[in-house]
1. Longest exposed-loop-site-free stretch of the chain, with trypsin sites (Lys or Arg not before Pro), DSSP loop and at most 10 other Cβ within 10 Å?
2. Determine which lysines satisfy two conditions relative to residue 86: a Cα distance under 27 Å, and not lying fewer than 8 residues away in the same chain.
3. Along the Cα-to-C-beta direction of residue 461, a point sits 7 Å from the Cα; which residues of the stretch 350-386 have their amide N less than 15 Å from that point?
4. Among the lysines in the stretch 341-454, how many pairs, 8 or more places apart or on different chains, have alpha carbons under 13 Å apart?
5. Output ³J(HN,Hα) for the stretch 111-122: one whole-Hz value per residue in order, computed from phi by the Karplus curve 6.51 cos²θ - 1.76 cosθ + 1.60 with θ = phi - 60°, and x for Gly and Pro.
6. Keeping all protein chains in place, calculate the accessible area per residue for the chain (probe 1.4 angstrom), answer in Å².
7. Report in % the part of the accessible area of the stretch 159-265 that belongs to carbon and sulfur, leaving out ligands and nucleic acids; probe 1.4 Å.
8. Would you mind calculating the relative contact order of the chain from Cα pairs under 8 angstrom and at least 6 residues apart, reporting the percent as a whole number?
Amino acid sequence: MPEHDLVVIGAGPGGYVAAIRAAQLGMNVACIEEANALGGTCLRIGCIPSKALLEASELYKMAQHHLSEYGVTVGDVKLDLPAMMKRKDTVVTGLTNGIAGLFRKNKITRYTGRGRIVAPGKVAVEGAQPVEITAKKIIIATGSRSAPLKGVEVDGTMIGTSTEALSFPEVPKHLVVIGAGVIGLELGCVWARLGAKVTVLEYLDRILPGMDTEIATEAQKILQKQGLEFRLGMRVTGARVKGAGCVVECDGQPPIECDRVLLAVGRLPNTDDIGLEKLNVARNQRGFITIDPHSFETSIPGIYAIGDCIPGPMLAHKAEEEGVACAEGIAGKYCHVNYDAIPGVVYTDPEIASVGKTEEQLKDSGIPYRKGLFPFIANGRAKAIGRTEGRVKILAHAETDRVLGVHIIGAHAGDLIAEAVAAIEFGASSEDIARTSHAHPTLAEAIKEAAYAVDGRTIHM
Ligand code: FAD
Ligand code: AMP
């Protein structure tokens, strides 16, 4: 029976990063992945293919509608959807093969098959080459899958999840997206840019639940201008294929006819049928594995869990941080993740990025704060590149000036937020950001100005 110091189940950003870090720390590591390619949801059917399509569809939209504003005239712009999909697949394959290379470099043993914990320290690999392996420690990093919705009959073609929406063979005439969360909006934008009419149905009275309301409201206005139709306060009760199209039913509303449906109402942890029931590994009501936040150990000693299958934001970089911390903890080092400094990005155009507390969270918890706002319309670089929509918002403690939250909607917000994450990680004040030199002309100067605005002393407004 093969023996390892550590076996990781699942090779997503949580699992593969934990495996690499543990190998760096001298452990003999194995990783079990049931899919043929490594990289998990993120690389195969999540972050990476969605961003490849977001970029390609944005370029198409630019060439079709906006290049002339920059004095660039192009001829007849045509969409080659198969080529766009092929490029996306090439990007994915390059990256998943890259993880296989990293496994070889770090001497991580790869098992292809489904991992099931048989007992503490023992995992069965099920599949074409079944085998039982032993390991002193086990990390569960099995990730998540799209949540179903009662009444919505997913057929994997006309009615599908994000996985199908990453590979539609043609541009839908009318795509109905159920759920105005991150995944629904990003993929809704892809297909709207490529020419589909997109209707987003959302149960709540707002989009992007959990994000700062002021920023989400601005996002809704901008996306509406781009052609997305939002119908808020709509509870979807069913969706089914009808003839050559689909019909979506909502509480108290006439049914909506369309030709494709994207179900994007959240994700559920992959924690069934991997041996947890038999061992009595504790899970919460929604199936997420409960862990000790100082070690990532589950209720069973020697078994750990990280990433989308434990509570917390379902984000690749959060899974990666946990992978590193968990491996270091197992190696006897300090094990810590700062959940106050995990950024969240929505890769719409413009991008929306945030870190730390929202204004609503500060109000609800009675924390006194000062707010600095700066619009990109007053930023020189934003004007030069023709991307003046959006703003930066900094929330700082009213007494200590410590930065508590930063929210950005605007071009490249996902990259700009890194400065704010570092500020929060280092416990910076808004005055620290205001006194930090920012290169001119850059979009990042809007962050400096928003920091000035906390103290009511913007220079360029
Ligand atoms: P996963 O990536 O889900 O990996 C788990 C792996 O475990 C999978 O490969 C699965 O096959 C395998 N597995 C499961 N059970 C078993 C078993 N019993 N045996 C063996 N293998 C098993 N996050 C971001 O931060 N940024 C983004 O831009 C972003 N975009 C996204 C877009 C989409 C469309 C989707 C769906 C998700 C997106 N996410 C994004 C979320 C991100 O993909 C997840 O948070 C991340 O992949 C979680 O990593 P993980 O390692 O916990 O799990
Ligand atoms: P997220 O969890 O960020 O992926 O977002 C999922 C979104 O789907 C949330 O905004 C939910 O409010 C929304 N949602 C959940 N159930 C329904 C439903 N039955 N009809 C419409 N929207 C829903």
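The values are calculated or read from the model by the stated rules, or taken from the named source; none is laboratory data. Quick caveat: nothing in here was measured; it's all calculated off a predicted structure. Here Cβ is always computed from backbone atoms with ideal geometry, including for glycine, and neighbour counts include all displayed protein chains. Each accessible area value is taken on the protein alone, full model and side chains, heavy atoms only, with ligands, DNA and RNA left out. Shrake-Rupley method; radii C 1.70, N 1.55, O 1.52, S 1.80 Å.
1. Numbers: sites that count: 78, 107, 150.
Excluding the exposed sites themselves, the longest stretch runs over 151-461.
2. Partners found: 51, 61, 78, 173, 197.
3. 371-383
4. For the stretch 341-454, qualifying lysine pairs total 5.
5. Couplings: 10, 9, x, 9, x, 9, 7, 8, 7, x, x, 9 Hz.
6. Values: 20470 Å² over 461 residues.
For the chain, the per-residue accessible area is 44 Å².
7. Working: 2160 of 4150 Å².
That share works out to 52 percent.
8. Details: 1014 pairs, mean separation 65.9, N = 461.
Computed value for the chain: 14 percent relative contact order.
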